[in-house]
Amino acid sequence: MAFATHSLSSRFRFLPPPTSKLSKTLLSEFPQYSFFPSGKISYPASFISFRLSGRPSGSSMAYSSTPPTAVVKGDPGILVFGSEEELSVSLAKHTADLSEKFCRERGAFTVVISGGSLVKSLRKLVESPYVDSVNWGKWHVFWVDERVVPKDHPDSNYKSAYDGFLSKVQIPTGQVYAINDSLSAEGAAADYETCLKHLVSTGALQLSPSTGFPKFDLMLLGMGPDGHIASLFPGHPLLGENERWVTFLENSPKPPPQRTTFTFPVINSSSHISLVVTGAGKADAVHQALGYSKTSSPLLPVQMIKLEDGELTWFTDKAAVSKLQEKAGL
């Protein structure tokens, strides 16, 4: 297989619609929630613990006092789909719409992807109409994290993306930014950060005026059953890294142990994040992350997504939110 890369190194949309038994049950169980004709539900402020800008203090959850119907900068939209197929269709349209917007406004679209099952959920982008209508020549593709293995290794996030996505679209090879896998984890992280700084100097990548960190147009992220995102794991010291753009692990709780990862200041400087979370195996983390579990435990990494000036959208299925439904008595 040939690999061609450039290596400088709160809204809940439910199906069925609000006239269904599901929505009627929610209305009776939780009259304080607001339902809209489109099926959107505005949740009370305590439902989502990370809806306000600014980090929570301490290790316990911080609950917002913002009125439930207020429009809050960084307020996450939460979409629940009846099937993974429906989720993939919506994710493709959302991504294509953002691509059109940024290509029109500034002539480029900077996209960050992750590993795991995320690439499978992007499959509709390589089908009609998007495979022909998206301006792939304007895309710049990055990885939020990577395993420090050869690019043809089964554990490589690059290989997963290449096999399922990149090999099927016409993104210029010089605009696909993989790590230098010949380096150590520390060296690969430093090299990737150098790559990002070079792209900032050329204007291909913007800096956030509010944070001074790179501002990607879209990050497509997944979440692990333990609530980790990228290679930022619960309780790991890297959760507090606030200076580096790209850092590294040599002791990842999940194999392989050597990885590179973006830091939270970079993640939280994004214009848009699509967080794709599916399956019953994620239900406990979703339950904790979305505020039902009023625990004094440290925040999950996913709860530390707090966009400074951007929009977070959760793309979930019924299995992933099943614990929330149980709480509602559904």
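Taken together, the values in this text are just the output of simple stated rules run on the coordinates, not laboratory data. Only a predicted model underlies this, so the values are computations on that prediction, with no experimental measurement involved. Ideal geometry is used to build each Cβ from the backbone, glycine not excepted, and the neighbour counts take in all protein chains shown.
In this structure, the amide hydrogen of Ile113, modeled 1.01 Å from its nitrogen in the peptide plane, lies closer than 5 angstrom to those of Phe142, Trp143, Val144, Leu220, counting only residues at least 5 positions away or on a different chain.
In the structure shown, the pairs Lys93/Lys254; Lys151/Lys282; Lys197/Lys306; Lys120/Lys282; Lys151/Lys254 are assessed against 21 Å; a Cα-Cα span above that value is assigned to Lys93/Lys254; Lys151/Lys282; Lys197/Lys306. For the stretch 225-230, backbone phi angles converted through the Karplus equation (6.51, -1.76, 1.60; θ = phi - 60°) give residue-by-residue couplings of x, 8, x, 7, 10, 6 Hz, Gly and Pro being listed as x.
Applied to the stretch 94-102, the Karplus parametrisation 6.51 cos²θ - 1.76 cosθ + 1.60 on θ = phi - 60° returns per-residue 3J(HN,Hα) values of 4, 5, 5, 5, 5, 4, 4, 4, 6 Hz, with x for Gly and Pro. Here the Karplus relation 6.51 cos²θ - 1.76 cosθ + 1.60, evaluated at θ = phi - 60°, turns the backbone of the stretch 193-204 into coupling constants of 5, 4, 4, 4, 5, 5, 5, 5, 5, 8, x, 6 Hz, with x for every Gly and Pro. Taken along the Cα-to-beta-carbon direction at a fixed 7 Å, the label points for Ser167 and Asn135 span 2.9 nm. Taking amide H as placed 1.01 Å from N in the peptide plane, the amide H of Phe213 sits under 5 Å from that of Ser208, each at least 5 places away or on another chain.
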